[in-house]
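Worksheet for the structure shown next.
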Protein chains: 2
Amino acid sequence: MPLGFEKHDHTACIQSALAKADSYCADKGLQFTKIRRRVLELLLMEHKALGAYDLLGNLSNEGLGTQPPIVYHALDFLVANGFAHKIEKLNAYSACCHPGKTHAPVFMICRRCKCVVETQTEPLRNFLGTTAKAAGFLIERTVIEIEGLCPSCQKAEPARPYYPLRT
Amino acid sequence: MPLGFEKHDHTACIQSALAKADSYCADKGLQFTKIRRRVLELLLMEHKALGAYDLLGNLSNEGLGTQPPIVYHALDFLVANGFAHKIEKLNAYSACCHPGKTHAPVFMICRRCKCVVETQTEPLRNFLGTTAKAAGFLIERTVIEIEGLCPSCQKAEPARPYYPLRT
DNA sequence: TATGTTATGTTATATTATTACATATAGATA
DNA sequence: TATCTATATGTAATAATATAACATAACATA
Ligand SMILES: [Zn+2]
Ligand SMILES: [Zn+2]
Ligand SMILES: [Zn+2]
Ligand SMILES: [Zn+2]
């Protein structure tokens, strides 16, 4: 599993994630069915987020279903069980890179090549916890997504100004 | 402007935000037109996020336009100029509580009463900067949204488990 | 007023997601 | 094994969000 944008053995990356999902589901008595497994596999193929209808297109080509609820059902399962995340900024879905661990994921999204890298930071979680506590707010979920340019795309394109547009 | 969930003089809150927008636009030579101003005003009315079609419903009732691009044009302006933010998790829009300041906003979203409170944390921004830098990633924008229960809703409803569902 | 620029309006359509329910299948129970 | 029950999949229709492409109107300023 990549910790960042460095090259890695992605075949192993995929196999490892599927194996973890297999054993986790076996442990918990969850049905890791053909469709669910295939959707996860599709999400694992690249470190990119895929839209529900991209996934559905693939399923459809493979004779695994043609209607939206097919893929949304599978995504519900994968997200609920922590095998995938929804990337809110993209309305798309990404395989989890740290399955089986409690984590508050942080996504780095390259606007140019669309790659998505998941990282996690315990300090950040603590930090948000402190911020929320000060306001009396009780955290249940977090959405943390960073948009910008990945290392290789920085060479190809100038940066846009850091948030916000206002000076 | 509220720093958290405490009660405050919301009429003053609205007036102050509109006045800031007026003067900012005057300074920059931006056209703070009737529709744009009204959309901001609608967003300011409560500390909640409103969907584009909610806003359009209001505009439509007031004879200010009936088609989606009307409201999306206005929202584009308000977001581009930092008067409003899109809340990605809700596909909805919220007036900025710190207009005129450079900031990476953090939103606390109550799942029960749907209130949205914007805060900002310079340390968090630094922290994400460090995380990204370690991966060689260049930040342009951030999406930081916390979901959970606001102080008053905590009294009314039990919390759900903290992220993630996985044990 | 003439001219270029920005804002608004119109039509159509794209994209993402859900509701509600029917059928099929897996796993548990008798 | 046969039945029961819960879960998964399939179907149809529709809801909700957002954009493309372009026409018209209003504004800015020379
Ligand atoms: Zn993850
Ligand atoms: Zn890139
Ligand atoms: Zn703001
Ligand atoms: Zn609340």
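Brief remarks on what is shown
- Qualifying residue in segment A:56-75 (condition: modelled with pLDDT of 95 or more and within 16 Å of ligand 2 (Cβ to nearest atom)): no
- Residue in segment B:56-72 that is in contact with a Pro (Cβ under 6 Å, 6 or more places away or on another chain) and surrounded by fewer than 17 Cβ atoms within 10 Å (Cβ to Cβ) present: no
- When residues of segment B:118-159 are limited to those that are facing chain A (nearest Cβ under 7 Å), crowded, with 18+ Cβ neighbours inside 10 Å and within 16 Å of ligand 4 (Cβ to nearest atom), the one nearest to A:C113 (Cα to Cα): B:E145
Residue-by-condition table, conditions (1) more than 9 Å from DNA strand D (Cβ to nearest atom); (2) farther than 21 Å from B:T142 by Cα; (3) among the acidic types (D, E); (4) in contact (Cβ under 8 Å) with a residue 40 or more places away in the chain:
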position: B:E41; (1), (2), (3), (4): yes, yes, yes, no
position: B:L50; (1), (2), (3), (4): yes, no, no, yes
position: B:L59; (1), (2), (3), (4): yes, yes, no, no
position: B:G65; (1), (2), (3), (4): yes, yes, no, no
position: B:H73; (1), (2), (3), (4): no, yes, no, no
position: B:D76; (1), (2), (3), (4): no, no, yes, no
position: B:A80; (1), (2), (3), (4): yes, no, no, no
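- Conditions (1) away from chain A (no Cβ under 14 Å); (2) buried (at least 17 other Cβ atoms within 10 Å of the Cβ): number failed by B:C25: (1)
- Residues being crowded, with 22+ Cβ neighbours inside 10 Å, away from ligand 3 (no atom under 12 Å from the Cβ) and more than 16 Å from A:R125 (Cα to Cα) - total across segment B:91-117: 2
Yes or no, residue by residue, for (1) touching a Gly at 6+ places or on another chain (Cβ under 7 Å); (2) modelled with pLDDT under 80:
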| residue | (1), (2) |
| --- | --- |
| B:G129 | no, no |
| B:I139 | yes, no |
| B:V143 | no, no |
| B:L149 | no, no |
| B:S152 | no, no |
| B:K155 | no, no |
| B:L165 | yes, yes |
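- On the stretch given as segment A:16-43, residues that are part of a helix (DSSP H, G or I) and touching a Leu at 6+ places or on another chain (Cβ under 9 Å) total 14.
- Which numbered condition A:I146 misses (of (1) touching an Asp or Glu at 6+ places or on another chain (Cβ under 9 Å); (2) within 16 Å of DNA strand C (Cβ to nearest atom)): (2)
- Taking segment A:66-113 as the range and being under 22 Å from A:D22 (Cα atoms) and away from every other protein chain (no Cβ under 13 Å) as the test, the residues that pass are A:I70, A:V71, A:Y72, A:H73, A:A74, A:L75, A:Y93, A:S94, A:A95.
- Flag if B:E88 is in contact with a strand residue (DSSP E or B) (Cβ under 9 Å, 6 or more places away or on another chain), more than 16 Å from ligand 2 (Cβ to nearest atom) and within 22 Å of A:A104 (Cα to Cα): yes
The values are calculated or read from the model by the stated rules, or taken from the named source; none is laboratory data. Since the structure is predicted, the reported quantities are computational estimates derived from the model, not experimental observations. Every residue, glycine among them, receives a Cβ derived from its backbone with ideal geometry; neighbour counts consider all protein chains shown.
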